[in-house]
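Q: Quick one: the structure is below, questions incoming.
Just so it is clear, none of the values below were taken in a lab; they were calculated from the coordinates. Treat the numbers as computed from the prediction; the structure is a model and nothing was measured. Backbone-built Cβ (ideal geometry, glycine too); neighbour counts: all protein chains shown.
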Amino acid sequence: MTTPENAVAALLDKQAIHEVVMRYCRGIDRLDFDLVRSAYHPDGIDHHTGFDGPVDDFVAWVAPKLRAIGGTMHHVGNHLVELRGDHAVSETYCTAAHWGGGDGIGMVDFTSGCRYVDLMERRDGVWAIAERWAVREWTRSDAGRLTVPESAGPRGRRDGSDPLDSASARLA
């Protein structure tokens, strides 16, 4: 029987798991690899297109690829969490755009539809990814379609000077 207390606890767990996914996406998009690592337990495993292994090796593999392109933006959609005590399966639908970069670095200017299938664990009260499968459902080339805005307004940055960094510094 579900009590109101159990229902509230489940909602809090699901929110914590959702924030794990959001930290990962922000970390990738802002090149904040400590934030990416924080989404995983220290012994976490990642399975991405072209990579299978521990989180530290994943960060070492993905960081130069991301630094070589102009940017990424992850849009998260459906998110379903199945709780089982201190374990959970989280499925997150995502569309990720990738743009910019020079010649010889592989595919750039593309958008992928993917799902993050995460085995989450709560250890010492903290939810994080124990194992992730980044399931690519489709990829579309955006070559010749993407443009960088030329307006004078705020622009996204991945060098520590993004408006997010400025706003966060004001809270410190």
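Q: Mind giving me the FRET efficiency for Gln15 and Val135? R0 is 22 Å, r the Cβ-Cβ distance, nearest 0.05 is fine.
A: Taking R0 as 22 Å, the efficiency between Gln15 and Val135 is 0.40.
Q: Given the rule -39500 (n - 2.57) for each run of at least 4 DSSP H residues, summed and divided by the residues of the chain, what is its mean residue ellipticity at 222 nm, to the nearest 500 deg cm²/dmol?
A: Helix contribution divided over all residues of the chain: -10500 deg cm²/dmol.
Q: Could you size up the charge dipole of region 4-147 around its Cα centre, putting +1 on the beta carbon of Lys and Arg and -1 on that of Asp and Glu, and report it in debye to the nearest 20?
A: 440
Q: Need one number: % antiparallel among DSSP beta bridges in the chain, to the nearest 5.
A: Around 90 percent of the beta bridges assigned by DSSP in the chain are antiparallel ones.
Q: For a protection proxy built on the mean count of beta-carbon atoms within 10 angstrom, sort 159-167, 114-122 highest first, please.
A: Ranking, from highest mean packing down: 114-122, 159-167.
Q: Also, quick follow-up: Per-residue counts of other Cβ atoms within 10 Å, averaged by peptide: what ranking do you get for 59-68, 40-49, highest first?
A: The densest-packed peptide leads the list: 40-49, 59-68.
Q: Report the extension gain between Arg123 and Phe51 in nm, rounded to one decimal, defined as 0.36 nm multiplied by the number of residues separating them, less their alpha carbon distance.
A: 23.4 nm
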